[in-house]
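A short worksheet on the structure shown next.
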Amino acid sequence: MFDASLSRYIWEHTRRQQLWILGVVAASMIPYYMAFSLPKTIVNGPIQGDGFETADATQTFLRIALPLPGTSDIVLFPGLTLDRVHMLFALSGVFLLLVVVNGLFKFYINAYKGKLGERLLRRIRYALVDHVLRFPPATFKLLKSPEIASMIKDEVEPMGGFTGDAFVSPALLGGQAITALVFIFVQNVMLGGITAALIGAQILIIPRMRRRLLVLGRERQLTARQLSGRVGEIVENIGTIHANDTSNFERADISARLGRIFTIRYDIYQWKFLVKFINNFLASLAPFIFYSLGGYLALTGYLDIGQLVAVIGAYSNLPGPLKELIDWDQNRQDVEIKYQQVIGQFAVDNMIASDLHAVHRVADPLGAPLAAIGVRVVDDGGVVSLDHTDFTLNPGEALAVIGPAGSGSETFADLFARQIWPSSGRIVAGQTSLLSLPEAVTGRSISYAGGDSPLLSGSLIDNLTYGLRNSPPDPDGSTPSPARRWQLNEARISGNPDFDRDADWIDYAALDLDGPKGLSHHLLGVLDCVDMTRDLQDLALYSTVAEVDHPDLATQIVAIRGQLRAELEQGGLAELIVPFAPDTYNTEATVLENLLFGRLRPSSALTDPAERTAFFRRLLEQAGLYEKLCAIGTEIARNVIGLFADLPADHPFFRQMTFMSPDDIPTYQALLQKFDKPAGTVTDADRAMMVSLAFEYIEPRHRFGLLDDALMVEVVAFRQFFHDSIPDRLKPGIEIYDPAHFTDTATLMDNILFGRVSQKYRDGADQIRSAILDLLRRQGAFEEVLTIGLGFDVGTGGRRLSAAQRQKVALARALVRPSDYYVFNRPLTALDNRSQDLILTRVLDRLRTARRTPAVLWTLSNPQMARHFDRIAVFSDGKLAEVGTPDELAESNGIFSDMIAS
């Protein structure tokens, strides 16, 4: 829990460290004071000759003795006898030593403060995320995720910086200021009094003027947070904005918000620099007084030169700490306000108790029936979505829940999965409220999938196994490395759990597995159950893998490459693939691919467009191909513009023109006009754009008749010239095609083909795909290839997958872990009825043949599918209208029979 005061929160969690660093600060005042006093000794002694009245006069340097009352001192070190010159250098050396010591003190104090701040910042951020994880479901309807993320990431940042300064800075800066002020008083009371008066004026005036800055800073923080939330809304609702033509309204709204922020920030700048001007003016008055009044006192003999130099030197160290002390006070008030605002946003009623999230390595199964007792759900607008419902879901039964949108059927399913909480009544397991059970029990015993269940950023396998990552793995008994021990210690000090995120969290025992072996087979079975195998095949075949990670598979792929060619020849289909050959132009590949006869690795320096363009241009010019390719690009532009310029942007012809989009046509129209003008108007950049068009040209696909046999021969001849001309620094970044080797930068499909599918056959791609999959099965590589598909990165929120694929993966994720209850709330709305029925029957068959038959609650989109279930619950107008078996309800002439009939 958070304390109401940030200072108390800091003290509570860093008390021991604060006391230690305060002790270090106190110790640092000794050399700090000595550094003030030493210049006076140097000036009055060796420089002005005080104590060196004769040419051979000497003094003792560095005598160390312990004074004892009533007796002579105990001499620890008699010191060194030095003349005037040597004393000057000795004292100067001590001064340099004090500078180093003071610098080391400052370094240690600042580094320690930084560590304190980062620890508390880590603690605060973790605590805020912990609060988010314990928010009740209804709270998320009122939250904007960008605002919450902004608060956790940005708004608490100053609190970490202030932590180290909370107690150390006033002690350090105040100690330095007081030390300098005391030293000035010791030298001259009048100058000390004037200095104290100026300091008092700064302390009185500057903080009062800065209060306005605090108010403006608070407004800036709120408006910036609102802007973050508004931008997040735009991103999330971009489709709605385009559908309603409200993009200009959104621009106006953002402009108004930015204008408000500009006004606030401009006011901040005005006040900030006004305060800075007044503060600098007051700080500059003291030197004026020292030079005028102090100089007068020195001239009249009331103050010696050494004292005046020491006073001026001491004051030169005073404005800095004083200014920083005033800044510290403003920062304290500022972060206190931010702290209050942030914790106010996270102070939510009815939060989930922290003990319900405690780690349980093993959780008891939820064998008792689930029951709704007098459950009523009312939203914030007062709309009753479910009214006084009583129902019991027995272990092992399959229940179909039916009802149109708004009937209460979806709310009913979400209640049993704890996705929402009842406004009144209870959901119980046996006699225990479901909300009072630990999540270790409910989360492992109740699996849930809905139509809008989001996917997480990461790979497909990360999403599928997410429900198996419930508790940290048991320690393996090995001694952690020093770096790991340091990480664990810092986590504990910062109030974070010492879990190892990078360990293998997957609960293999839940799947009756001893370890990772067999996991992929289990996941592939689940994906096949939800009709995801074909999708997975495509994801795998169009993925890239490194030979070093899958050496055996790479060897098999190269072997399958040859077998595929042989089988196609035997079937009279050899022309389906146009293979890559070192001495032949591949007509189905792009001009660029034929020029390179290889691929660029992601780490290649040639991935930079500027360097790639310059490098290729130089080589192509040397080979006499650059101008020819430029001419081809020009003709491509003429053909495309002549044929397609008047077509709408969504015309299907543009799908064949991979090198030019409808938006590019005006650009190339302007380029053609420049090429048609007299020489001298075309720039190198213009030529490069035309050459880029030629690079993407494929004769059988685009059919402009621009490639003749002679040019193809020149392109093939360029390959060897290109490979020989690659500098040593670039060679590791280019992977040259080799029929006998696996190509890391190519997809599995491209590796197997080692060529391109011919455009002559309409269904050639499908025939090749079927032949490849058949070969992979026969060679025993099919499952390993599918496993590669499990590593596919689904993107943010699963956006790299289609809506249907996302729903299949979400359903599969729920099925991966064996559970006592499965709750599916319209999980397949993106699929047609036939596909939904196919997957539903597969899922029910899989669960009914499980070792321990679970209960299934499935909210259906199509009432016709209810025939597969043991019981049916029909909802209408927020109430449970009918309950019975499919046969009973079909014969009852009630709501269900009407749904079936319609």
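What the table below lists for this structure:
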item: Charge-dipole axis of the chain as Lys and Arg at +1 and Asp and Glu at -1 on Cβ define it, positive-most pick from I268, V359, N594; result: I268
item: Sparse-neighbourhood loop sites, trypsin sites (Lys or Arg not before Pro) in segment 685-725 - DSSP loop, at most 11 other Cβ within 10 angstrom; result: R703
item: Length-normalised contact order for the chain - Cα pairs under 8 Å, 6+ apart - percent; result: 17 percent
item: Difference of contour (0.36 nm per residue) and Cα-Cα distance, T841 to F107; result: 257.3 nm
item: Answer label, with Rg and Dmax of the Cα atoms in Å calculated from the coordinates and candidates [x] 39.1, 128; [y] 28.9, 91; [z] 36.8, 120; result: [x]
item: Calculated diffusion of segment 6-110, Stokes-Einstein form, Kirkwood radius summed over Cα pairs, 25 °C and 0.890 mPa s, µm²/s; result: 146 µm²/s
item: Order by protection proxy (mean Cβ within 10 Å, highest first), peptides 847-854, 403-410, 480-487; result: 403-410, 847-854, 480-487
item: Whole-Hz couplings from phi, Karplus 6.51/-1.76/1.60, listed for segment 757-767; x for Gly and Pro; result: 6, 5, 7, 6, 10, 5, 9, x, 5, 5, 5
item: Within the chain, percent of DSSP bridges classed antiparallel, to nearest 5; result: 65 percent
item: Cα gyration tensor category, rounded, prolate or oblate, for segment 856-902 with a/c compared to 1.5; result: rounded
item: Rounded to the nearest 10 Å², the accessible area of H868 at probe 1.4 Å; result: 40 Å²
item: Whichever aspartates and glutamates have a C-alpha closer than 13 Å to that of K115, once near sequence neighbours (fewer than 8 apart) are set aside; result: D165, E490
item: Size of electric dipole in segment 785-881: Cβ of Lys, Arg +1 and of Asp, Glu -1, about Cα centre, debye, nearest 20; result: 200 debye
item: Whole-number percent relative contact order across segment 463-522, with pairs defined as alpha carbons under 8 Å at least 6 apart; result: 44 percent
item: Sum of -39500 (n - 2.57) over DSSP H runs of 4+, divided by residues of the chain (222 nm, nearest 500); result: -18000 deg cm²/dmol
item: Three-way shape label, segment 765-876, alpha-carbon gyration tensor, a/c 1.5; result: prolate
item: 19 Å Cα-Cα reach of K674 towards lysines, excluding residues that sit fewer than 8 places from it in its own chain; result: K628
item: Partners for K141 among lysines (Cα-Cα distance below 23 Å; same-chain residues under 8 apart left out); result: K153
item: Selection from L519, N331, G193, by position along the positive dipole direction of the chain (Cβ); result: G193
item: Normalised contact order of segment 461-565, rounded percent, pairs of Cα under 8 Å and 6 or more residues apart; result: 24 percent
item: 3J(HN,Hα) from dihedral phi, segment 619-627, Karplus parametrisation 6.51/-1.76/1.60, rounded to Hz, x for glycine, proline; result: 5, 5, 5, 5, 8, x, 9, 5, 5
item: Centroid-to-centroid separation of segment 420-485 and segment 48-120 [C-alpha atoms, Å]; result: 64 Å
item: Surface accessible to a 1.4 Å probe, per residue, for the residues of the chain, Å²; result: 50 Å²
item: Contour minus Cα-Cα distance for L142 and T246 (0.36 nm per residue); result: 35.1 nm
item: Links that overshoot a 22 Å alpha carbon limit, given the list K144/K879; K272/K338; K113/K276; result: K144/K879; K113/K276
item: Electrostatic dipole magnitude of segment 489-564 [Cβ: Lys, Arg +1; Asp, Glu -1; Cα centre; debye, to 20]; result: 240 debye
item: With all protein chains modelled, accessible area of V132 [1.4 Å, Å²]; result: 30 Å²
item: Cα centre as origin, Lys/Arg/Asp/Glu Cβ charges: segment 657-736 dipole, Debye; result: 100 debye
item: Accessible area of the chain belonging to carbon and sulfur atoms, whole % at 1.4 Å probe; result: 56 percent
item: Top positive-direction residue, dipole computed over the chain with Cβ charges, set V874, P369, I427; result: I427
item: Long-range HN-HN contacts of G450 with modeled amide H, under 5 Å; result: N825
item: Protection-proxy order for peptides 580-589, 497-506, each taking the mean of Cβ atoms within 10 Å per residue, highest first; result: 580-589, 497-506
item: 5 angstrom amide H check on I734, placed H, neighbours 5+ away; result: R601
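The values are calculated or read from the model by the stated rules, or taken from the named source; none is laboratory data. Values in this document were obtained by computation on a predicted structure and should not be read as measured data. All Cβ positions, glycine included, derive from the backbone under ideal geometry; neighbour counts span all protein chains shown. All accessible areas refer to the heavy atoms of the entire protein, side chains included, with ligands and DNA or RNA removed. Shrake-Rupley method; radii C 1.70, N 1.55, O 1.52, S 1.80 Å.
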